[in-house]
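Contents: one structure, followed by commentary.
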Amino acid sequence: MIYISQLLETPRLIKILEEYAIGLEVISFSIGYILDDLETSIKHYQKAFLELPLDTPLTFHGPFLDLLPGSCDAKVQALVKERFEAAYEAALSFGVNQMIFHTGYMPNTYPDQYWFQNVIDFWRAFLKDKPDDFTVYIENVLDLDWKLMQRLIDEINHPSLKICLDVGHVHAYSPYPVEEWIEALGERIGYVHLHNNDKSRDAHGGLLEGTIPMEMILKLLKEKAPHAHWSLEVSDEQALRASLDWLVHNKLMSK
């Protein structure tokens, strides 16, 4: 399944969703003030999403700003859990059974073994009461390589915990090329964020607007993570449309 991220105004998103056989990755419930009055926010977006094409597939991006699941501070971890649980409740209210969360890994903050154990404990506790058909994807951001994420998935060993590989973040922040990440993580990858950049910053450009060899990357993803969903995190409407048309032209999606 291919999604687009909710990075444009709703009327512009609706037009794109009407033209392509794609889903929407909802980011509204990743914002703190939206979660502060959850009941009101759910009612607001249930009404707003009535404008979407009928049966548009949805996935949710969880909260991430200032939230660190691997924090050594118990009060910080409690706030993270509160925000994540609220977003999870929102997802269920829309019939959504998958969410993306960031690793929250901050290089050189404190020794990796402390971060790793905190994150292991956090995700085990979070997943404990979740249904088997609800999938959580952990997304790389500032992560320098794939090793801690690989260990996280393997050690928790939960069928509903997978990786969201953000290829733009890899290209901007990691010294290792995207293809090495894909080779190493393989079918642990259940979801992919697609956008491009020139490696100088996380630009969220169109698929061909940067130095990631996107055609080769997508072919490798189809080989190594054939069941993964793809989501285009492209912030410009023209670039997003050009990216979707390129996928159609290369027979990577239907229109």
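The values are calculated or read from the model by the stated rules, or taken from the named source; none is laboratory data. Computed from a prediction, not measured in an experiment: that's the story for all the values here. Positions of Cβ are generated from backbone atoms using ideal geometry, with glycine treated the same way; all protein chains shown enter the neighbour counts. What goes into the accessible areas is simple: the full protein's heavy atoms, side chains included, and nothing from ligands, DNA or RNA. Shrake-Rupley method; radii C 1.70, N 1.55, O 1.52, S 1.80 Å.
A few comments on the model shown:
- Largest first, the residues MET253, MET216, MET99 sort by 1.4 Å accessible area into MET216, MET253, MET99.
- With every protein chain in place, segment 7-60: carbon and sulfur % of accessible area (1.4 Å): 55 percent
- Protection proxy ranking, peptides 227-233, 197-203, 143-149, average beta carbon neighbours within 10 Å, highest first: 227-233, 143-149, 197-203
- Measuring nothing but how far apart in sequence close Cα pairs (under 8 Å, 6+ apart) lie, relative to its length, the chain scores a relative contact order of 18 percent.
- Taking trypsin sites (Lys or Arg not before Pro) across segment 1-76, none is in a DSSP loop with at most 10 further Cβ atoms lying within 10 angstrom of its Cβ.
- Counting only protein heavy atoms and using a 1.4 Å probe, the accessible area of LYS130 comes to about 20 Å².
- Considering only alpha-carbon pairs that sit under 8 angstrom and 6 or more positions apart, the relative contact order computed for segment 1-111 is 26 percent.
- VAL248 contributes about 40 Å² of solvent-accessible surface, heavy atoms of the protein only, 1.4 Å probe.
- Correct choice for percent of Cα pairs over 30 Å apart that was computed from the model, options (1) 24; (2) 34; (3) 38: (1)
- For the chain, the share of DSSP beta bridges that are antiparallel, to the nearest 5, is 5%.
- Reachable lysines, given that their alpha-carbon falls under 28 Å from the alpha-carbon of LYS199 and they are not under 8 places away in the same chain: LYS147, LYS162, LYS219, LYS222, LYS224, LYS251
- Counting only protein chain heavy atoms and rolling a 1.4 Å probe, the accessible areas of HIS44, HIS195 rank, largest first, as HIS44, HIS195.
- Neighbour net charge for LYS81 - beta-carbon separation under 15 angstrom, K R +1, D E -1: -2
- Solvent-accessible area per residue in the chain equals 47 Å², computed with a 1.4 angstrom probe and all protein chains kept.
- The string of couplings for segment 242-253 from the Karplus curve (6.51, -1.76, 1.60, θ = phi - 60°) is 4, 5, 5, 5, 5, 5, 4, 4, 8, 6, 9, 6 Hz, one whole number per residue in order, with x for Gly and Pro.
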